[in-house]
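The values are calculated or read from the model by the stated rules, or taken from the named source; none is laboratory data. Quantities reported herein were computed from a predicted structural model and do not represent experimental measurements. Here the Cβ positions follow ideal geometry from the backbone for every residue, glycine too, while neighbour counts run over all protein chains shown.
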Amino acid sequence: MDYYKLLNVSKTASKDEIKKAFRKLAHKYHPDKKGGDEKKFKEVNEAYSVLSDDKKRSQYDQFGPGFSNTAGANSQGFGNFDFSGFSSGNSFEFDLNDILGGFFRGGGRGRIRKGANISIDIEITFKESILGVRKIINIPNQTGSSKEEFEANIPAGIDNGEMIMVNGRGMSIQDGEPGDLYIKIHIKPHKTLRKEGIHLVMSKEIKLTDAILGIKVPIKTVEDKELSLKIPAGVRHGEVLRIRGQGVLTMGGRRGDLLVQILVDMPQRLSSKAKELIKKLRDENI
């Protein structure tokens, strides 16, 4: 299997390019989506787990498609993704077809039976989705008799509704290997911020006089840090100002920007004195 061809990237692709390609294909094929393809979903996950890891990628580039990606198959995490959830109360479900009959991987001699997959939904905050977070996730143990927990990482920049697979965290089966854990991410909306690619966007309303004369206003970042934003005199309604390095944290450690759209609040009622002042401004062609 050619992992580069599977993800539709070049052999010189950066980690960000590989991640972007993986997310697009994982979203396309994930089993919960209508028209999804579980086999393809697992293949792109396998490709990503190799190409996103420098050591595995180097081995794969050296030895080609014959490279075996079996090391660490049951470890926490997947490629550069580590995963998590929240405490007790997580909703989960089992793959009924796997429970009834299991399924086989490979063909001919040495076919391996595989246990049932488990699917869960978890909710995280907007801040956690932007910066990444370590959490405890509770799932049934591999025999289904009780619950167990493990700590893992939600990767920075994950999108709402994105599906993640963790190898070997599903149900166990006699004379076979455990199934997998599928995690669907739900993100609580933020009061003032929204995500656009690697950037964060917010709106800031100011008075007409402040738009004319300029002003400094406080801005809260996704980390709840307060910054002072200088709004220049003559700023236009809808104009976007940029605060660099306060956006989404990427896998490569780079951060996008915080984009602040200025909304000028036009007064609906004016006193007689205010009207006279504005008339004088108009007379000066302002």
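Would you confirm, using the coordinates I've provided, whether MET171 is aliphatic (A, V, I, L, M), more than 29 Å from PHE126 (Cβ to Cβ) and modelled with pLDDT under 95?
Judged against the criteria, MET171 is a match.
For segment 1-15, what are the residues that are of a type in the set (Asp, Glu) and at pLDDT 85 or above? Quick ask: steps written out before the conclusion?
From segment 1-15, those of a type in the set (Asp, Glu) are 2; that's our starting set.
Listed by number, the list is empty, since nothing qualifies.
Assess whether ASN153 counts as being among the polar types (S, T, N, Q) and under 14 Å from the mean Cα position of the chain (by Cα).
Working: among the polar types (S, T, N, Q): yes; under 14 Å from the mean Cα position of the chain (by Cα): yes.
Yes, satisfied.
Six or more apart or on different chains, Cβ atoms under 9 Å: show the pairs whose first residue is in segment 23-40 and aliphatic (A, V, I, L, M) and whose second is part of a loop (DSSP other than H, G, I, E, B).
Close Cβ pairs satisfying both conditions: LEU25/ASN8; ALA26/GLU162.
I'm told LYS207 meets every condition in (1) surrounded by 13 or more Cβ atoms within 10 Å (Cβ to Cβ); (2) out of contact with any Pro (no Cβ under 9 Å at 6 or more places or on another chain); (3) not hydrophobic (A, V, I, L, M, F, W, C) except one. Can you identify the failing condition by its number?
Exception for LYS207: condition (2).
Could you check SER145 against (1) in the same structural domain as LYS24 (by TED's automatic domain parsing); (2) surrounded by 13 or more Cβ atoms within 10 Å (Cβ to Cβ) and say which number it fails?
(2)
Would you mind listing the strands (runs of 3 or more DSSP E) fully within segment 223-286 where at least 1 residues are exposed (fewer than 10 other Cβ atoms within 10 Å of the Cβ) and out of contact with any His (no Cβ under 8 Å at 6 or more places or on another chain)? First the steps, then the outcome.
Values: elements: 226-231, 240-243, 258-265.
In segment 223-286, 226-231 are the strands (runs of 3 or more DSSP E) which contain 1 or more residues that are exposed (fewer than 10 other Cβ atoms within 10 Å of the Cβ) and out of contact with any His (no Cβ under 8 Å at 6 or more places or on another chain).
I'd like the residue in segment 149-168 that is over 17 Å from TYR48 (Cβ atoms) and among the charged types (D, E, K, R) and, out of all such residues, is surrounded by the most Cβ atoms within 10 Å (Cβ to Cβ). Lay out the reasoning, then the answer.
Kept after step one, since they are over 17 Å from TYR48 (Cβ atoms), are these residues of segment 149-168: 149-151, 160-161.
Narrowing the set further to residues that are among the charged types (D, E, K, R) leaves 149, 151.
On the way: GLU149: 15, GLU151: 12.
Checking each candidate, the answer is GLU149.
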